[in-house]
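One structure below.
The values are calculated or read from the model by the stated rules, or taken from the named source; none is laboratory data. Predicted, not measured: the structure shown is a model, and the values here were computed from it. Please note: Cβ atoms are built from the backbone with ideal geometry, for glycine as well, and neighbour counts cover all protein chains shown.
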Amino acid sequence: MSQAVVHHPAEVPAIASLRDTLAIEQVALQDRDMPASTYELLQRSAARNGTATALTFLLQGNHEEQPYRLSYGELFAKVTQTANALHRLGVRPGKAVSFLLPNLPHTHFTIWGGEAAGVANAINPLLDSEHIAELIRASDSEVLVTLAPFPGTDLWDKVADLREHLPELKHIITVDMANYLPEPQRAGIKAQRGGLPAGVLDFDELIADCPTDHLESGRVISPDDIASYFHTGGTTGTPKLAPHTHRNEVAMAMILAFAIDLHPSDVTLCGLPLFHVNGVMVTGLAPFYVGAEVVLATPQGYRNPSLISHFWKIIERYRVSFFSGVPTIYAGLLQVPSAGHDLSSLRHALCGAAPMPVELIRQFESKTGLKIIEGYGLTEGTCGSCGNPPAGESRPGSIGIRMPYCEVKIAVLDEQGNYLRDAAENEIGNLVLRGITVFNGYLQADKNKGIWVDGDWFNTGDLGRIDADGYIWLTGRSKDLIIRGGHNIDPQMIEEALHKHPAVAMAAAVGKPCAKAGELPVVYVQLVPGAAVTSEELLAHAGAHIPERAAVPKDVWIIDAIPLTAVGKTFKPTLRYDAIRRVFEADLRHIDPQVRVEVTAHDSHGQLAHVYLPELDAARHAAVNACLAGYAVRYKVVMGT
């Protein structure tokens with residue numbers, strides 16, 4: 001282990017403006033005694049803060065429960081044991097171990113132990129078996145870490161489905177959640193379940209006799225070695241795996257600590273999933289870098305209703321100073337009374353993954369007195385690239401200034417996506433990134449076509465502008481733009497207006513197909529629980545609050561819940577498909593009242609509409625073609641219901 005003096009982020013002043021970012025960059029990140037690997041980062045923290053609490057785990061999400069705690073010394077020992085156990089099973093540098101786990105201390109053992117032995121491959125447990133199998137194959141994993149059978153979980157059932165389809169999977173290691181329970185519940189669940197299936201290994205038994213203080217492999221990890229794979233690209237189509245090097249991840253931890261102003265005295269709450277970079281980096285490796293405490297709040301994180309209902313009590317009991325969430329989480333927390341709780345420990349909270357409506361920020365800050373730091377990042381950039389400065393001005397609706405050592409600019413591209421020039425101040429273009437945290441390309445070479453512009457700048461696909469003070473404003477996503485007769489409409493403008501209505505919890509605007517204009521704006525709305533409002537009232541509200549006439553939605557469709565990805569982002573493809581379905585079914589009903597339309601993703605066309613008719617002949621087929629000919633959506637006519 002390096003004996004050099006470890007420079008704490010506390011030695012870097014809290015960032016108030018872009019001037020501070022530039023001052024920090026006067027010293028190269030590598031000259032700030034940067035650990036060579038995530039394993040060395042944890043090793044240093046254990047040496048420096050061995051008895052300090054690293055992880056506090058809440059199984060149920062109740063402020064009164066007895067937590068499971070690990071010190072930094074204990075965390076490093078478990079990570080080392082895990083790395084050694086994986087090495088004994090054949091995991092080597094460049095070889096991936098996949099994990100399919102909820103948020104548990106064992107998940108951290110697997111991530112960092114996997115990175116010390118080989119490559120950790122994170123998989124979303126909420127995916128279906130088919131997509132899980134694709135990710136295991138794409139990563140070339142021979143080892144999988146998952147949950148043992150446990151009441152209320154279905155992970156083992158998914159893995160059982162997979163086993164016969166993945167002959168290359170040599171070892172399955174199971175984490176027994178019963179071990180987190182007190183007796184007699186623990187013994188009761190184990191007795192009811194019986195032994196593990198043949199050939200399946202128990203995690204705790206596997207690592208028990210492995211050394212805790214050194215790597216048996218003798219591996220010296222290089223900063224350029226691949227540490228992890230994180231999948232990106234949503235839940236449809238072929239998965240894209242983004243490899244991160246140890247340099248990427250260590251740099252990201254240091255940069256986040258600077259940008260968020262983390263200190264050893266901080267307590268961070270993790271409610272976002274550990275298969276996603278936000279949970280792993282913002283409320284994982286960054287606090288581990290400074291020696292802060294991480295409260296790992298339930299296996300399901302924010303998806304656990306108990307955590308949300310007890311949220312402010314948990315903040316009060318554990319003196320949480322920082323947490324990270326997404327807009328849907330903040331909208332949900334607005335419904336949980338915070339009055340009467342001591343929230344004085346809270347300094348700020350981060351919102352990332354999706355733009356947060358300005359009105360939602362205003363309501364949340366007004367209710368709690370807590371400063372929201374809007375940030376921006378993506379898997380290809382390891383995690384964060386921009387954020388509103390904690391010690392400076394927050395500009396609601398902006399994603400703030402670029403983080404230290406993260407290069408961000410706006411590039412103007414032509415219609416084919418080729419670089420033309422850098423954008424002028426406040427000119428809208430494509431947001432592009434480069435720097436020490438940006439990956440070198442997807443694992444699958446065929447996914448790398450067109451992702452770089454102007455040399456080595458990564459094209460995020462997001463549209464934005466940068467103002468005179470360096471604040472960055474997202475103006476939409478290039479593929480999310482609603483294009484009405486050649487006029488570009490920013491869906492965020494529509495969503496912001498709807499969020500000003502007291503009955504609206506969440507709003508998501510997309511384009512519906514139109515034979516004349518190409519697309520027309522519509523908006524889907526999820527209401528606040530107990531609210532009563534009509535679509536007509538919301539349409540009138542939208543008309544009164546949207547300044548751009550072309551952007552006023554043609555329809556407001558109230559639905560039970562806005563579809564979300566596993567990390568809480570609005571999943572707009574589902575809404576676009578539904579908008580196509582509604583339009584096509586309405587147009588085709590005169591041909592057959594029982595017509596049914598189903599829209600799915602398609603690799604070549606983006607989406608494909610399947611038109612089902614109970615009876616199909618040449619005349620009906622011709623009528624459908626005549627009706628849908630004006631739309632730019634591919635379709636297929638099928639007989640069926």
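Test residue 267 against the criterion of being under 18 Å from residue 41 (Cα atoms) and in contact (Cβ under 8 Å) with a residue 60 or more places away in the chain, and give yes or no. Quick ask: steps written out before the conclusion?
Numbers: under 18 Å from residue 41 (Cα atoms): no; in contact (Cβ under 8 Å) with a residue 60 or more places away in the chain: yes.
So residue 267 does not fit the description; no.
Hey, residue 557 hits all of (1) over 16 Å from residue 576 (Cβ atoms); (2) in contact with an Asp or Glu (Cβ under 9 Å, 6 or more places away or on another chain) but one; which does it fall short on?
Of the numbered conditions (1) over 16 Å from residue 576 (Cβ atoms); (2) in contact with an Asp or Glu (Cβ under 9 Å, 6 or more places away or on another chain), the odd one out for residue 557 is (1).
Filter segment 365-395 for residues that are of a type in the set (Gly, Ala, Ser), more than 12 Å from residue 260 (Cβ to Cβ) and part of a loop (DSSP other than H, G, I, E, B) and give the result.
Scanning segment 365-395 gives 369, 392, 394.
Residues to consider are 641, 600; find the one that is farther than 30 Å from residue 379 by Cβ and polar (S, T, N, Q).
Of 641, 600, the one residue that is farther than 30 Å from residue 379 by Cβ and polar (S, T, N, Q) is 641.
Going through 79, 91, 12, 5 one at a time, which residue ends up being among the β-branched types (Val, Ile, Thr), surrounded by fewer than 19 Cβ atoms within 10 Å (Cβ to Cβ) and either at negative phi or modelled with pLDDT of 95 or more (or both)?
5
Per-residue answers, yes or no, for (1) within 22 Å of residue 356 (Cβ to Cβ); (2) surrounded by fewer than 18 Cβ atoms within 10 Å (Cβ to Cβ); (3) not assigned by TED's automatic domain parsing to the domain that holds residue 521; (4) not hydrophobic (A, V, I, L, M, F, W, C):
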| site | (1), (2), (3), (4) |
| --- | --- |
| 545 | yes, yes, no, yes |
| 553 | yes, no, no, yes |
| 580 | no, no, yes, no |
| 586 | no, yes, yes, no |
| 595 | no, no, yes, no |
| 611 | no, no, yes, no |
| 618 | no, yes, yes, no |
| 623 | no, yes, yes, no |
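Just checking, does segment 153-173 include any residue being crowded, with 19+ Cβ neighbours inside 10 Å and acidic (Asp, Glu)?
No, there is no match, as no residue in segment 153-173 is crowded, with 19+ Cβ neighbours inside 10 Å and acidic (Asp, Glu).
Each row is one residue, and each column tells you yes or no for (1) within 19 Å of the chain's Cα centre (by Cα); (2) within 13 Å of residue 439 (Cα to Cα); (3) surrounded by 15 or more Cβ atoms within 10 Å (Cβ to Cβ).
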| site | (1), (2), (3) |
| --- | --- |
| 191 | no, no, no |
| 211 | no, no, no |
| 215 | no, no, yes |
| 221 | no, no, yes |
| 243 | yes, yes, yes |
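Could you tell me whether residue 291 is within 25 Å of residue 253 (Cβ to Cβ), in contact with a Gly (Cβ under 9 Å, 6 or more places away or on another chain) and either in contact (Cβ under 8 Å) with a residue 24 or more places away in the chain or in the same structural domain as residue 42 (by TED's automatic domain parsing) (or both)?
no
Can you tell me which residue is farthest from the chain's Cα centre (by Cα) among those in segment 91-109 that are assigned to a loop (DSSP other than H, G, I, E, B) and among the aliphatic types (A, V, I, L, M)?
91
Which of the following residues is within 30 Å of residue 121 (Cβ to Cβ), of a type in the set (Val, Ile, Thr) and assigned by TED's automatic domain parsing to the domain that holds residue 135: 412, 453?
On the way: 412 fails: within 30 Å of residue 121 (Cβ to Cβ).
Being within 30 Å of residue 121 (Cβ to Cβ), of a type in the set (Val, Ile, Thr) and assigned by TED's automatic domain parsing to the domain that holds residue 135 holds for just one of 412, 453, which is 453.
Taking the criterion of being at pLDDT below 90, among the hydrophobic types (A, V, I, L, M, F, W, C) and surrounded by 21 or more Cβ atoms within 10 Å (Cβ to Cβ), would at least one residue in segment 297-317 satisfy it?
Scanning segment 297-317, I find no residue that is at pLDDT below 90, among the hydrophobic types (A, V, I, L, M, F, W, C) and surrounded by 21 or more Cβ atoms within 10 Å (Cβ to Cβ), so the answer is no.
Each row is one residue, and each column tells you yes or no for (1) under 20 Å from residue 376 (Cβ atoms); (2) out of contact with any helix residue (DSSP H, G or I) (no Cβ under 8 Å at 6 or more places or on another chain).
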residue: 242; (1), (2): yes, no
residue: 258; (1), (2): yes, no
residue: 281; (1), (2): yes, no
residue: 285; (1), (2): yes, no
residue: 291; (1), (2): no, no
residue: 299; (1), (2): no, no
residue: 305; (1), (2): no, yes
residue: 310; (1), (2): no, yes
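With respect to the numbered conditions (1) surrounded by 14 or more Cβ atoms within 10 Å (Cβ to Cβ); (2) over 32 Å from the mean Cα position of the chain (by Cα), which one is the sole condition not fulfilled by residue 203?
(2)
Taking residue 134 and the conditions (1) without any contact (Cβ under 8 Å) to a residue 60 or more places away in the chain; (2) assigned to a helix (DSSP H, G or I), which numbered condition does it fall short on, given that it satisfies the others?
Failing condition for residue 134: (1).
How many residues are aliphatic (A, V, I, L, M) and not in a strand (DSSP E or B) if we restrict to segment 412-428?
Residues that pass the stated criteria total 3.
Scan segment 429-451 for residues that are closer than 17 Å to residue 462 by Cβ and assigned to a loop (DSSP other than H, G, I, E, B) and report the count. Steps first, answer last, please.
We begin by selecting, within segment 429-451, every residue closer than 17 Å to residue 462 by Cβ; these are 429-435, 437-439, 450-451.
Imposing the further condition that a residue be assigned to a loop (DSSP other than H, G, I, E, B) reduces the set to 437-439, 450-451.
Residues flagged as closer than 17 Å to residue 462 by Cβ and assigned to a loop (DSSP other than H, G, I, E, B) within segment 429-451 amount to 5.
Does residue 49 satisfy the condition of being surrounded by 15 or more Cβ atoms within 10 Å (Cβ to Cβ), over 27 Å from the mean Cα position of the chain (by Cα) and at pLDDT below 95? Before the answer, list the steps.
Numbers: surrounded by 15 or more Cβ atoms within 10 Å (Cβ to Cβ): yes; over 27 Å from the mean Cα position of the chain (by Cα): yes; at pLDDT below 95: yes.
In short, yes.
Restricting attention to segment 437-452, which residues are crowded, with 17+ Cβ neighbours inside 10 Å and among the aromatic types (Phe, Trp, Tyr)?
Selection gives 439, 442.
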